Amino acid sequence: MEDFPWADITRIVLLIYFFLTVLSMLARPDFLSIAVITAALFAIENPQFIQRKHFRILVVFALVTFVYDLVFLFFIRNVQAEDAEFDGQHINVNRFAYTFVWISFLFRPIVILVLWRDSLEFRKIIR
């Protein structure tokens, strides 16, 4: 575990998360996730400007996006109303986008764990 390339793993996880977030934004805006991804990539690319607490703040914001999606997917979203609103048009695009909302939601714990690991091993990662 000492030689595990956490910075590279973090980049890969963040790029996957970015791809999933962009596709899920076809259904609804998700700018907080984009902000988390951007700040995390900045932290990995420019570690001289970052402290351990910044990674912990990113973890908190990633948790906030997870809770927001949890509330949105289970309590706010109404599938029947959306299908009736589109009246058969764009239903496939809407379902495609919501598929990626769910995949992004299920992938988010991995992002949170990787960012948390980055905050724990901050000094080793920035070398």
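What follows draws every value from the coordinates through simple rules; no lab data is involved. Values in this document were obtained by computation on a predicted structure and should not be read as measured data. Cβ coordinates were reconstructed from backbone atoms using ideal geometry, including for glycine residues, and neighbour counts include every protein chain displayed.
Using the Karplus relation 6.51 cos²θ - 1.76 cosθ + 1.60 with θ = phi - 60°, the per-residue 3J(HN,Hα) values for region 11-20 come to 4, 5, 4, 5, 5, 5, 4, 4, 4, 5 Hz, with x marking Gly and Pro. The mean sequence distance of close C-alpha pairs (under 8 Å, at least 6 residues apart), as a share of the length of the chain, puts its relative contact order at 46 percent. From least to most packed, judged by other beta carbons within 10 angstrom and beginning with the fewest, Tyr17, Tyr68, Tyr98 follow the order Tyr68, Tyr98, Tyr17. For region 6-125, report the % of Cα-Cα distances exceeding 16 Å. Counting pairs separated by more than 16 Å, the tail of P(r) holds 60 percent. Calculated translational diffusion coefficient of region 1-48 (4 °C, 1.567 mPa s; Stokes-Einstein with Kirkwood radius over alpha-carbon pairs) equals 111 µm²/s.
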